[in-house]
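A short write-up of the structure that comes next.
Bear in mind that the values in this text are calculations on the coordinates, not laboratory data. Just so it is clear, the model here is predicted, and its values are computed rather than measured. Ideal geometry is used to build each Cβ from the backbone, glycine not excepted, and the neighbour counts take in all protein chains shown.
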Amino acid sequence: MSGKEPLRMRGRDLRKRIENAEALSGIICEKIMRWNLFAEARRIMSYYPFDGEADIQKVNKAAARSGELYLPSVVSVAGISSISAKRFFEGAVCVTGKYGISEPPHGAPVIKPEDIELIFVPGIVFSRTGERIGFGSGYYDRFLSSCVSAVKAGVCFEAQIEGNFKTEDSDVKMDFVITEKRIYGEEK
């Protein structure tokens, strides 16, 4: 078991037990929609909530209306999972992809990672300084490392914030972490 695995297990359990997740998700959405980086970005990648993640579908709808919204599509090649960022159009119906996660329908346009301006990244545990623990497959980190121009913003509930923890060289650090309490990484 890696050093991250106990944190990952505890974080997943904690995330599923957050009683007021819907209300907290609403606060997170309002915080994001008032954020100047969100208002300025035109090509945004987000996520469809899964397994207790903060629900930012209101943000997704706003992004699809005001610019271009992309959601991850997970594909496997030679047993290695990777992400393709597919355009999501308002009113489109998501399909169930790998790991049971909703994603844009087949045939949706794909954007090059280097053309994405802002990415909202889910996770299981984050630190105040931007470290992230995901599900452990590494596909998000592989994708994020190719998003050279994008601002990377982790999204989670405040209860998912942990103190410092060890990460690996392949783990991509977030520029910001957004919770219902604050946006970590912003000047006070």
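Can you list which of the GluC sites (Glu not before Pro) found in the range 78-174 are DSSP loop residues with at most 15 other C-beta atoms within 10 Å? It would help to have the intermediate numbers written out before the result.
Details: sites: Glu90, Glu114, Glu117, Glu131, Glu158, Glu162, Glu168; in loops: Glu90, Glu117, Glu131, Glu168.
When the GluC sites (Glu not before Pro) of the range 78-174 are filtered for loop state and at most 15 Cβ neighbours within 10 Å, Glu90, Glu168 remain.
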Query raised in the report: Roughly how many debye, to the nearest 20, is the charge dipole of the chain about its Cα centre, given +1 on each Lys and Arg Cβ, -1 on each Asp and Glu Cβ, and no other charges?
Result: 120 debye
Query - Helix-derived mean residue ellipticity, 222 nm - over the chain, DSSP H n ≥ 4, -39500 (n - 2.57), to 500 - result: -7000 deg cm²/dmol
Query - Filtered chymotrypsin sites (Phe, Trp or Tyr not before Pro), the range 58-94: DSSP coil and at most 13 other beta carbons within 10 Å - result: Phe89
Query raised in the report: Of Gly134, His106, Ala150, whose Cα points farthest to the positive end of the dipole of the chain (charges on the beta-carbon: +1 Lys, Arg; -1 Asp, Glu; origin at the Cα centre)?
Result: His106
Query raised in the report: What would the Debye formula give as log10 I(q)/I(0) at q = 0.09, 0.11, 0.12 Å⁻¹ for the alpha-carbon point model of the chain, no solvent?
Result: -0.29, -0.44, -0.53
Report summary line: The pairs in Lys58/Lys98; Lys98/Lys173; Lys58/Lys86; Lys61/Lys166; Lys58/Lys166 lying past 26 Å Cα-Cα in this model are Lys61/Lys166; Lys58/Lys166
Report summary line: Neighbour-count ranking for Leu71, Leu37 (other C-beta within 10 angstrom, fewest to most) reads Leu37, Leu71
Requested in this report: Determine the sum of side-chain charges near Met33: Lys and Arg each +1, Asp and Glu each -1, restricted to other residues whose C-beta is under 12 angstrom from that of Met33.
Outcome: +4
Query - Candidates per chymotrypsin sites (Phe, Trp or Tyr not before Pro) in the range 141-188, loop by DSSP, up to 16 other Cβ within 10 Å - result: Phe165
Query raised in the report: Would you list Phe120, Phe38, Phe50 from fewest to most Cβ contacts within 10 Å?
Result: Phe50, Phe38, Phe120
Requested in this report: Using Cα pairs closer than 8 Å and at least 6 residues apart in sequence, work out the relative contact order for the chain, in percent.
Outcome: 22 percent
Query raised in the report: Considering amide H positions built from the backbone, and no H for Pro or chain starts, which residues 5 or more places from Val125, or on another chain, come under 5 Å of its amide H?
Result: Ile133
Query raised in the report: How would you rank Met9, Met45, going from fewest to most other Cβ atoms within 10 Å of each one's own Cβ?
Result: Met9, Met45
